[in-house]
Amino acid sequence: MRPNQLKGITLAVIGGDQRAVYTAEELAQRGARVRLVGHRSNCSGVEAVEGVRAALEAVEAVVFPFPGVQEDGSLPSPTGALRLAPTDFEFLPRAGWIFTGFANSFLWRLAELKGLKLVPVADRDDFAILNSIPTAEGALQMAMERLPVTIHGLVVLVLGFGRVGQSLARRLQALGARVSVVTRDPAERARALETGYRVLDLAALPTYLPEFELLFNTIPAPVLTARLLRCTRPEVLIIDLASYPGGTDFEAAQVLGRQALLAPSLPGKVAPKTAGKILGQVIAEILLQEKGLNLAVMS
């Protein structure tokens, strides 16, 4: 890391969970001046300020909570609800940046109206691949806390073989689990087979589901329906990592007596420091590229 990479840049980090503190500190350690709303930090270069408007004045970029901003402009904060008014953005220069995890129509409209560059970081491969590490480790932690047996020797199914699915399957295999994967993507199927996993068709799941003691879903679509849940073992543990509302019929799972857990935003819960630093690193890389600096950010 070069400590002065972001020298001369002022950012605001507003609201969010504990990840926000570490994002702010990562950016400050790279030379940026950071205004932090809703949190406190002892890091040099991070200034805790009260209120959104005070934080936004003359900044070049703003970082909102990973889940984004609600349609009414409200956003989460540990110190109480914060609200963003369109007039607050009058303090941002045109061509400034908005960073968030997931962007809704409110932010897209605001960005277009004010000429701001909106970056939903969750859509970027570099962030998603790095963020899959704390997600996978958090999912394993949840499973270990709830299972009466070891992961070693366990028969496990991972639904979806994208960034999170691959990180999770690799860690399960390293712990000695017997891993099967479901994916419809031809390239992902080929990668799963090459890595040594058994690959199953979604349509064939009713036949195979009784084998599995542990299921992880990463597909943001209704895949674990009531019909499929009836085919699972009564003692099965299901951990759904897809974004809200997940891909599991949780009402049906409750009626059937299956233990099914929705676990979105795991990085912020189990490894906020790692997750916050990853977000800060990716934001720094984007800002450096914008300034035309050919510097390596990841350290």
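Where a number appears in this text, it was derived from the coordinates with a stated rule and is not lab data. Note that the structure is a prediction, hence the values are computed from the model and not measured. Cβ coordinates were reconstructed from backbone atoms using ideal geometry, including for glycine residues, and neighbour counts include every protein chain displayed.
Indicate the gyration tensor shape class of region 127-264 (rounded, prolate or oblate), computed on the Cα atoms with a ≥ b ≥ c the square roots of the eigenvalues: a/c under 1.5 is rounded; otherwise a/b larger than b/c is prolate and the rest oblate. Because its axes are fairly even, with a/c under 1.5, region 127-264 counts as rounded. Across region 133-174 the C-alpha pair distances fall into 10 Å bins from zero in the proportions 29, 61, 11 percent. Building the convex hull from the alpha-carbon atoms of region 1-54 and averaging its projection over directions returns 3.4 nm².
Fewest neighbouring Cβ atoms within 10 Å first, the residues Glu25, Glu188, Glu90 line up as Glu90, Glu188, Glu25. Rounded to the nearest 20 debye, the dipole size of the chain about its Cα centre is 420 debye, using +1 on the Cβ of Lys and Arg and -1 on the Cβ of Asp and Glu.
Alpha-carbon geometry of the chain: the Rg and the Dmax are 21.1, 60 Å, given in that order. When only the Cβ of Lys, Arg, Asp and Glu is charged (+1, +1, -1, -1), the dipole of region 120-220 relative to its Cα centre reaches about 140 debye.
Quick check on the chain: of the DSSP beta bridges with both residues there, what percent are antiparallel, nearest 5%?
Bridges in the chain that DSSP calls antiparallel: roughly 5 percent.
Among Phe89, Gly73, Leu193, which residue has its Cα positioned farthest towards the positive end of the charge dipole of region 73-198, with +1 placed on the Cβ of Lys and Arg, -1 on the Cβ of Asp and Glu, and the dipole taken about the Cα centre? So the residue we want is Leu193.
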